[in-house]
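Structure first, then comments.
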Amino acid sequence: VMRASFAAAPAGSFTVRGAQTQRDSALVGVGVASQLDRRTSMYLAYEGDLNGHNDAHAIIGGIRISW
């Protein structure tokens, strides 16, 4: 559970609830990042929540270009 608010509206807080991890679960993650040149980088990551009842998988990637 996380309680948060936006910087521009601190009085309007909200609560975020994530999925509960089941007993006997494995939380795994791996990621890689690469600087392609002086202004460009990229990243790729995998996150998994593995247990006997169900699995959750996420692949996250992106490119960052600065100028």
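The values are calculated or read from the model by the stated rules, or taken from the named source; none is laboratory data. None of the values given here were measured: they were computed from a predicted structure. Glycine also receives a Cβ, built like all others from the backbone with ideal geometry; neighbour counts cover every protein chain displayed.
Here are a few things to note about the model shown:
- Evaluation of Ser13 against the conditions (1) among the small types (Gly, Ala, Ser); (2) assigned to a loop (DSSP other than H, G, I, E, B); (3) touching a Lys or Arg at 6+ places or on another chain (Cβ under 7 Å) shows that the sole unmet condition is (2).
- Scan of the range 50-67 for residues that are more than 17 Å from Val32 (Cβ to Cβ) and small (Gly, Ala, Ser), ordered by number: Gly52, Ala56, Ser66
- Residue check, Gly12 surrounded by fewer than 11 Cβ atoms within 10 Å (Cβ to Cβ) and free of Cβ contacts under 8 Å to residues at least 12 places away in the same chain: yes
- Failed criterion for Ala19 (all others in (1) over 18 Å from the mean Cα position of the chain (by Cα); (2) among the hydrophobic types (A, V, I, L, M, F, W, C); (3) outside any strand (DSSP E or B) hold): (1)
- Checking each residue in the range 22-33 for being of a type outside the set (A, V, I, L, M) and either assigned to a strand (DSSP E or B) or more than 22 Å from Asp49 (Cα to Cα) (or both) picks out Gly29, Gly31.
- Which numbered condition Ala4 fails, given (1) surrounded by 10 or more Cβ atoms within 10 Å (Cβ to Cβ); (2) part of a strand (DSSP E or B); (3) within 19 Å of the chain's Cα centre (by Cα): (1)
- Note on the range 34-57: residues that are of a type in the set (Gly, Ala, Ser) and under 30 Å from Gln20 (Cβ atoms) total 4.
- Scanning the range 16-50 for residues that are at pLDDT 90 or above, loosely packed, with under 10 Cβ neighbours inside 10 Å and over 18 Å from Arg64 (Cα atoms) yields one hit, Val30.
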